[in-house]
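Taking it in order: structure first as structure tokens, then the write-up.
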Amino acid sequence: MIIAVDGPAASGKGTLARRLAQHLGLAHLDTGRLYRAVGLAVIRAGRDPSDTGAAEAAARALDPDMLDDPTLAGDEAAQAASKVAAIPAVRAVLLQFQREFAESPPDGAAGAVLDGRDIGTVVCPDADFKFFVTASAPTRAERRHKELLNRGETSIYARVLQDLRERDARDSARNVAPLKPAEDAIVLDTTDMDADAAFATAARHIEAVSSGGVPTG
Ligand code: C5P
């Protein structure tokens with residue numbers, strides 16, 4: 001079983017994907033970490049994340065161990081990620097990694113949940129289930145701001161909102177695999193929905209379809 005979970009930054013897609021994977025015993029891949037790792041590797045090499053040659057080389061040399069680096073959660077990595085993500089050659093290299101994960105999930109898992117921006121549209125267009133998780137920009141910025149404060153980091157709400165809008169604009173406007181819901185995705189607007197409610201809605205839908213019942217949406 002393959003489940004695609006897409007959506008903009010801080011929409012709650014990562015939490016939903018993790019919970020679905022745990023609930024259904026599937027492997028989980030946060031594909032944003034791949035782009036973040038490439039972005040950070042380019043910065044660490046002293047190059048600009050928009051530099052096509054440097055970004056492609058970093059994607060080819062990507063070390064899977066780097067995916068556990070805590071620095072990937074930071075905003076520097078996020079901004080660099082959305083720059084390298086607009087480069088077609090980078091996407092082509094990472095596409096292969098993501099498809100291999102979906103087709104042969106690690107540890108013999110019976111399937112995989114991938115979350116990102118283009119899983120339902122490009123990486124796994126034949127996924128069994130597709131969810132597009134979204135929320136208003138101020139709500140998402142508020143969540144990210146609280147998350148940063150809880151981690152003991154300094155954060156200014158207005159700055160977080162601005163960064164998020166810049167990233168949304170870059171991710172939606174790029175020519176290759178832009179952020180958009182797949183035509184057959186179920187859209188979950190979490191502006192007024194907490195993580196438990198989003199999970200319950202998605203899990204109910206999967207159960208209804210899997211048991212041959214009427215899909216909910
Ligand atoms: O999901 P996350 O915020 O970690 O993603 C970081 C950046 O990586 C996004 O802003 C986007 O530019 C890029 N990305 C992408 N396609 C994916 C996952 C992430 O372009 N499937």
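The values are calculated or read from the model by the stated rules, or taken from the named source; none is laboratory data. Remember, it's a predicted structure, so these values are computed and weren't measured experimentally. Positions of Cβ are backbone-derived with ideal geometry, glycine not excepted, and every protein chain shown enters the neighbour counts. Side chains are part of the model used for accessible areas, which takes the heavy atoms of the whole protein and leaves out ligands, DNA and RNA. Shrake-Rupley method; radii C 1.70, N 1.55, O 1.52, S 1.80 Å.
Observations on the model:
- Looking at the chain, the accessible area is 48 square angstrom per residue; that uses a 1.4 Å probe and ignores ligands, DNA and RNA.
- Exposure of ASP75 as accessible area (Å², to 10), given a probe of 1.4 Å and all protein chains: 60 Å²
- FRET efficiency for ASN175 and GLU100, using Cβ-Cβ distance with R0 set to 25 Å, rounded to 0.05: 0.50
- Its alpha carbons considered, the range 82-178 gives a radius of gyration followed by a Dmax of 16.1, 44 Å.
- Convex hull of the chain built on C-alpha atoms - directionally averaged projected area, nm²: 11.7 nm²
- Whole-number percent relative contact order across the range 168-217, with pairs defined as alpha carbons under 8 Å at least 6 apart: 19 percent
- Entry note, the chain: the mean residue ellipticity at 222 nm calculated from DSSP H runs of n ≥ 4, each adding -39500 (n - 2.57), is -15500 deg cm²/dmol after division by the residues and rounding to the nearest 500.
- Carbon and sulfur %, accessible surface of the chain computed with the full protein complex present, 1.4 Å: 52 percent
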